[in-house]
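These notes are about the structure you will find just below.
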Amino acid sequence: MASRFTLLLERYLENKASESERLELMQLLSTGQFEEQIKQGIAQQMRAEMQTDSVVHDDVLLANNAYDRAQQIVERILSEDHSETKVVPIQRAASTKRWWLAAAAAVAILLAAGYTILWTTMIAPAAEHQFMAKNAANSVFEEINEGTTQRQIVLYDSTHVTLQPGAHLIYPTQFSPTKREVYLTGEAFFEVTKDRSRPFFVYSKTLVTEVVGTSFRVRADNTVQTSEVVVMTGKVRVVQNEEDKNLLQRFMPAGKEIMLTPNHRAVYQRETEEMVMTLVEKPLPLAVDNVKASVFRAASLALVLKNLSSAYGIEIVTQNARINQCTFTGDLSKTDDLYIRLALICQSIGASYVIRDAKILITGNGC
């Protein structure tokens, strides 16, 4: 059956397949029975290349040409009319299945064509190598914190970086005229010098964080299953690092983009390849004055919650309108812990609160 699949695929690519052969190929693809064969082929190519340590950047052009060819094949298969094709049902969402069919065909084609370099530069991409290749024109520094305490460094643009123990930072001696890029493994805190003409990018294996001038923390430890970006000041954009995707994943729809503001964080799960926005463990007021102006006397709960929402930059909503009719009297200035403040408020009106993604929901019967 495998040889039949290969024969049909070759005839399809050479535009020699008859209508019956074309339909037969589409049916074979839709069964999913060649997935393991394709995966094993990829693994064998990867092992062969890794043994010779041949990840070289002079071959990037070859890889790109192969990738372009794969993309053309994908577009061709997606344009096929499958209405006449009888397929074997499988337990998978239709959209995901459709993308898998296209990707599976592309991978099989590339394996048959012998683009072995592709498997090391695209199927098993090392985001770090990609970063080094992009900055090949400039000298780069590598800072590794091998100690047990924090280590502070200052970049060419006066950006301050605090490396946690075990963190590894790669950065050029001079940034380009249009952007500032660094590569991080581990955990670090950044205080980025503002330069609107040159946004600042922090690359890790799974995420890309983009800012203009702000402070934030990135945790990108390759030994754990989650990566995290936490914003202290300003605003940052977080997306998945495309360089870390394998060929199959690159044909999937693009992952979502998250815009982070203070007291919010983006968490990326490697196993599920999902990125969500949630709140930090301990939200802090955006300004000191927000703590002092927290004494209320018979104030409507709607006003109190609006004050807290503004003070912390976090959306706070109520389950029903009756809760907003309650009043609150109390002094919240003795603590800057948002959750302690919310607990005091909820206790006074017989309510409770829950965190839903990046929001706080007040629940109860109301007044």
Requested in this report: Could you pull out the residue among Thr272, Thr278, Thr329 that is out of contact with any helix residue (DSSP H, G or I) (no Cβ under 9 Å at 6 or more places or on another chain) and free of Cβ contacts under 8 Å to residues at least 40 places away in the same chain?
Outcome: Thr272
Requested in this report: Please find, among Leu344, Leu361, Leu305, the residue that is buried (at least 16 other Cβ atoms within 10 Å of the Cβ) and either at pLDDT 90 or above or not assigned by TED's automatic domain parsing to the domain that holds Val230 (or both).
Outcome: Leu305
Query raised in the report: Identify, please: which residue in the range 310-341 is more than 14 Å from Val295 (Cα to Cα) and buried (at least 19 other Cβ atoms within 10 Å of the Cβ) and is, among those, farthest from the chain's Cα centre (by Cα)?
Result: Cys326
Query raised in the report: For Val291, all conditions in the list (1) modelled with pLDDT under 90; (2) aliphatic (A, V, I, L, M); (3) closer than 30 Å to Thr206 by Cβ hold save one; what is the number of the exception?
Result: (3)
Requested in this report: Give, as residue ranges, the strands (runs of 3 or more DSSP E) completely inside the range 153-220 that count at least 3 residues that are crowded, with 18+ Cβ neighbours inside 10 Å.
Outcome: 168-172, 180-191, 200-203, 207-211, 215-220
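The values are calculated or read from the model by the stated rules, or taken from the named source; none is laboratory data. Computed from a predicted structure; not experimentally measured. Cβ coordinates were reconstructed from backbone atoms using ideal geometry, including for glycine residues, and neighbour counts include every protein chain displayed.
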